[in-house]
Amino acid sequence: MMNSVNMFICVAGFAWLGQIALGWWQMKRFNHALAQLPTQDRIGIGRSSGRFKPRSLLVISVNSRNIITDNFVMKGISVFSTPQTDNSLCGLNIENLVPAHIYPNNKGLRAALELAITNKG
């Protein structure tokens, strides 16, 4: 027989293992999408901050002429967000890019884009 303390410990342990498994799954999808970006280009990564609102992650691939050649976005509150290409970014020059014009209604993606284009990496 299990008392309530042992039952709570078991439920917490299963929740913790589930969190680890789902986090690993999300990282695997991110790494796979990152590996699909062109290797000769420079990569910029940006993410929005916030503890209790949906986060956004934006990865851009920029060629030697500062043109965005490829990208992907992961946004949402859960680990079930999938990498998706934002076609509106492809072909844009990062030197002339104004994130507020690209994402006027999405503060999270705007902040992520700002960070991604200022990446010096």
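The values are calculated or read from the model by the stated rules, or taken from the named source; none is laboratory data. Note that the coordinates shown come from a computational prediction; the quantities given were computed from them, not determined experimentally. Virtual Cβ from ideal backbone geometry, glycine too; neighbours counted across all protein chains shown. Calculation scope for accessible area: heavy atoms of the full protein, side chains included, ligands and nucleic acids excluded. Shrake-Rupley method; radii C 1.70, N 1.55, O 1.52, S 1.80 Å.
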Exercise. Which residue pairs have Cβ atoms closer than 7 Å, lie 6 or more positions apart in sequence or on different chains, and pair a first residue in the range 33-49 that is more than 22 Å from residue 106 (Cβ to Cβ) and free of Cβ contacts under 8 Å to residues at least 60 places away in the same chain with a second residue that is surrounded by fewer than 15 Cβ atoms within 10 Å (Cβ to Cβ) and of a type outside the set (Ser, Thr, Tyr)?
Worked result: 41/63
Problem set entry | Matching residues in the range 50-85 - criterion: being among the hydroxyl-bearing types (Ser, Thr, Tyr) and surrounded by 15 or more Cβ atoms within 10 Å (Cβ to Cβ) | 56, 61, 69, 81
Problem set entry | Matching residues, the range 86-97, being open to solvent by 80 Å² or more (accessible area, probe 1.4 Å) and over 18 Å from residue 64 (Cβ atoms) | 87
For this session: Among what's in the range 104-117 and is part of a loop (DSSP other than H, G, I, E, B) and more than 14 Å from residue 57 (Cβ to Cβ), pick the residue that is least open to solvent (accessible area, probe 1.4 Å).
Result: 104
Exercise. Conditions: (1) under 17 Å from the mean Cα position of the chain (by Cα); (2) farther than 22 Å from residue 20 by Cα. Residue 47 meets all but one. Number of the miss?
Worked result: (2)
Seminar exercise, completed: For the range 20-49 the number of residues that are open to solvent by less than 60 Å² (accessible area, probe 1.4 Å), farther than 16 Å from residue 85 by Cβ and either among the hydrophobic types (A, V, I, L, M, F, W, C) or assigned to a helix (DSSP H, G or I) (or both) is 3
Problem set entry | Which numbered condition residue 17 misses (of (1) within 22 Å of residue 80 (Cβ to Cβ); (2) within 18 Å of the chain's Cα centre (by Cα)) | (2)
For this session: With the checklist (1) open to solvent by 70 Å² or more (accessible area, probe 1.4 Å); (2) in contact (Cβ under 8 Å) with a residue 24 or more places away in the chain in hand, flag the one item residue 101 doesn't pass.
Result: (2)
Problem set entry | Answer residue from the range 50-91, given it is of a type in the set (Val, Ile, Thr) and assigned to a loop (DSSP other than H, G, I, E, B) and is nearest to residue 24 (Cα to Cα) among those | 79
